[in-house]
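The values are calculated or read from the model by the stated rules, or taken from the named source; none is laboratory data. All values reported here derive from a predicted model rather than from experimental measurement. In this analysis, Cβ positions are derived from the backbone assuming ideal geometry, glycine residues included, and neighbour counts consider all displayed protein chains. For accessibility, only protein heavy atoms count, side chains too; no ligands or nucleic acids. Shrake-Rupley method; radii C 1.70, N 1.55, O 1.52, S 1.80 Å.
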Amino acid sequence: MRGRRIPIALPNTGALSRRRHALYIRSAIIVFILFAFLQFHVINYDSNESGPSDNANYSTAAILQMVPPVFHKYLTSKSRNATHGQNGTQLGMGDGTLRSANISEILRMIHRYNELQTILNEDIFGPLQNDSVIIVVQVHKRITYLRHLIVSLAQAKDISRTLLVFSHDHFDDDINDLVQSIDFCKVMQIFYPFSIQTHPNEFPGADPGDCPRDIKKEQALLRKCNNALHPDLYGHYREAKFTQTKHHWWWKSNRVFDQLEVTKYHMGLVVFLEEDHYVAEDFLYILELMQQKSHELCPKCNILSLGTYLKTFNYYTYNKKVEVTPWVSSKHNMGMAFNRSTWHEITRCARHFCEYDDYNWDWSLQHVSQQCLKQKLHVMVVKGPRVFHIGECGVHHKKSNCESNQVISKVQQVLRVARRSRQLYPKSISLMMASVAKKTKLRKGNGGWGDQRDHQLCFNMTLIGR
């Protein structure tokens with residue numbers, strides 16, 4: 001018996017095509033929405049590239065609108081000096097020099113400040129706890145940037161629990177008045193005692209008998225100028241304005257960890273900032289999370305870093321991400337923090353730091369890590385930065401436009417977007433898988449540090465006890 005043929009229904013190719021087409025459209029829409037959402041959280045920070053804020057108003061008034069009125073006082077100039085240079089810095093006699101009587105008085109004041117070790121506002125906020133955070137700011141004379149750093153610190157959560165130490169290599173009444181007006185935490189000032197300002201015609205300033213930078217060694221020997229036997233590795237002789245920064249960094253670190261009475265038993269973190277940095281309001285909160293999780297996520301990490309030099313930030317993706325990597329001077333020197341045990345490992349290698357022919361403190365520190373430390377420096381760095389660099393001009397950067405408003409305004413907008421989208425104060429942090437780190441090559445120093453007098457001055461700073 002022949003069976004019945006059962007008809008087979010053929011698919012409706014037109015209907016399938018329409019459904020497939022609709023699916024593609026919906027997928028494309030979802031991808032577009034997701035992309036747009038992520039892009040909303042990506043902020044361009046480069047002042048030289050196009051970005052969402054290129055048409056923004058960078059006036060002082062616009063910047064003030066982003067600052068709570070209670071902190072406007074830190075941005076208001078109350079100059080008592082008759083003559084000022086760029087960014088409100090003191091010029092003294094008007095020709096860039098100071099009378100010898102003024103130098104003697106400044107040296108006396110510096111000695112007095114360093115001897116007294118006065119802590120302002122201690123009666124309001126109480127004594128420093130041994131595990132509290134100490135924030136050390138290296139200050140030269142760019143008061144405009146310093147004003148904005150102070151405003152950012154004033155808005156930081158838990159700032160009242162810290163000790164804020166300003167380390168100066170230039171004595172200026174306006175800067176001192178600004179620092180001493182701070183009322184949101186404990187404050188101390190320390191003064192680098194071997195500055196160019198106070199030694200304008202002798203080492204460590206520029207001695208008239210010093211060898212000119214570009215003179216040949218043979219000519220230097222005939223002239224018998226100072227340190228003729230020891231040009232740097234590029235054949236140049238010292239320039240005081242470049243050597244001062246490394247000396248100052250080394251002096252202030254020794255001073256804070258090993259010479260101040262208030263830090264005698266301190267075992268907490270010390271955060272290193274500079275006058276042209278700007279902090280996010282949750283930088284201390286993030287630092288605490290990093291410290292708590294460091295034993296779990298990176299037991300070998302001995303430095304925590306809160307800043308990066310990236311120009312574009314995506315807080316939606318990276319707000320709570322950290323990365324672990326060997327410490328690299330050019331990437332992890334901003335907003336770095338470490339404790340006394342790490343510092344004492346570094347000071348055991350003082351000779352390597354002080355005799356390395358590089359005028360940069362961070363390159364010298366990397367040389368210490370590569371050539372001397374048993375446990376090389378490793379860093380846990382936050383991918384969504386909490387410390388920003390706002391300085392357009394300085395020792396290494398000489399732009400034709402040193403206007404600070406544009407960069408400051410962009411940083412304010414970065415943080416405003418992050419705050420509004422609730423990307424600050426994450427409940428936890430997580431480790432982002434880093435790419436396999438290449439073996440760090442031993443680098444040739446940048447020079448500028450061949451003078452034997454610099455070596456000895458630097459090393460002597462480690463020999464001064466409390």
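Using 0.36 nm per residue, how much length does the chain from S77 to R112 gain when fully extended, once their Cα-Cα distance is taken away?
Once the chain is fully extended between S77 and R112, it gains 10.0 nm.
So how much accessible area does Y58 have, in Å² to the nearest 10, using a 1.4 Å probe?
Accessible surface of Y58 is approximately 40 Å².
Using DSSP to define loop residues, name the chymotrypsin sites (Phe, Trp or Tyr not before Pro) in the stretch 264-300 whose beta-carbon has at most 12 other beta-carbon atoms within 10 Å.
Sparse-neighbourhood loop chymotrypsin sites (Phe, Trp or Tyr not before Pro): Y265.
Note down the nm distance, to one decimal, between modelled labels 7 Å out along Cα→Cβ at Q375 and at E122.
3.2
Quick check: with the 1.4 Å probe, what order do D131, D210 take by accessible area, largest first?
From most exposed to least exposed: D131, D210.
Taking amide H atoms as placed 1.01 Å from N in the peptide plane, list the residues 5 or more away in sequence, or in a different chain, whose amide H sits under 5 Å from that of V271.
Residues meeting the amide H criterion: I134, I135, V136.
What does the charge add up to near A240, with Lys and Arg as +1, Asp and Glu as -1, over the other residues with Cβ less than 13 Å from its Cβ?
-2
Which value, in Å² and to the nearest 10, is the accessible area of S59 when all protein chains are kept and the probe is 1.4 Å?
40
Between S160 and R348, how high is the FRET efficiency from 1/(1 + (r/R0)^6) when r is the Cβ-Cβ distance and R₀ = 35 Å? Nearest 0.05.
0.50
Please give the contour-minus-distance gain from S421 to E239: 0.36 nm per residue of separation, less the Cα-Cα distance, rounded to one decimal in nm.
Result for the pair: 60.7 nm of gain on full extension.
Compute the label zone of K264 within the stretch 130-168: residues whose backbone N is under 17 Å from the point 7 Å along Cα-to-Cβ.
130-131
If the chain between R223 and M66 were fully stretched, how many nm would it gain, using 0.36 nm times the residue separation less the Cα-Cα distance?
In short, 50.7 nm is gained.
How much solvent-accessible surface does L306 expose, in Å² to the nearest 10, with a 1.4 Å probe and all protein chains in place?
Accessible area of L306: about 0 Å².
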